[in-house]
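For reference, the structure discussed in these notes is given below.
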Amino acid sequence: SPEVDKSGEVKMLSKSQIDEELSKMKGMSAEEAAAAAAKAVAEAELAIAQAEEAAREAEAAEAEAEAARVFAKATMKALKCKLRSWYLSQSITPLDLHTLIYLVLLKL
């Protein structure tokens, strides 16, 4: 069973901690049990909210990474196109072009 600390972080209980909680529950009145249940529900809702926030952050990071990948791919295509255009206007060998591309990529 998870437990929420003062900072709002959810942490897992050990088996001995769970056993201790169960012992306490056996001696509870109906009112105490209702209060414990309400606390458990609140902790579960907090854990769900934290998980949802983490999922949103992960989705945003994934979208950002995909945008960066697409941008890098488009940049490489543009660079290759520009270099090919330049190459056709020059009198250099294909080996020189590959060397030039390599040198440009080293600068990135």
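Checking each residue of segment 63-71 against the condition of being touching a residue at least 24 places away in the same chain (Cβ under 8 Å) and of a type in the set (A, V, I, L, M, F, W, C) gives no match.
The listed residues are Ala36, Ala47, Ala40, and the only one of them that is surrounded by 10 or more Cβ atoms within 10 Å (Cβ to Cβ), part of a helix (DSSP H, G or I) and touching a Pro at 6+ places or on another chain (Cβ under 8 Å) turns out to be Ala47.
Residues checked against (1) under 30 Å from Leu105 (Cβ atoms); (2) over 31 Å from the mean Cα position of the chain (by Cα):
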site: Ser23; (1), (2): no, yes
site: Val41; (1), (2): no, no
site: Ala47; (1), (2): no, no
site: Gln50; (1), (2): no, no
site: Ala63; (1), (2): yes, no
site: Ala72; (1), (2): yes, no
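So that you can scan it fast, the table gives a plain yes or no per residue for (1) under 21 Å from Lys11 (Cα atoms); (2) in contact with a His (Cβ under 7 Å, 6 or more places away or on another chain); (3) at pLDDT below 90; (4) among the β-branched types (Val, Ile, Thr):
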| site | (1), (2), (3), (4) |
| --- | --- |
| Glu45 | yes, no, no, no |
| Lys73 | no, no, no, no |
| Leu83 | no, no, yes, no |
| Thr99 | no, no, yes, yes |
| Tyr102 | no, no, yes, no |
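The values are calculated or read from the model by the stated rules, or taken from the named source; none is laboratory data. A quick note: this is a predicted structure, and the numbers were derived from the prediction, not measured. With ideal geometry, Cβ positions are generated from the backbone for all residues, glycine too; neighbour counts draw on all protein chains shown.
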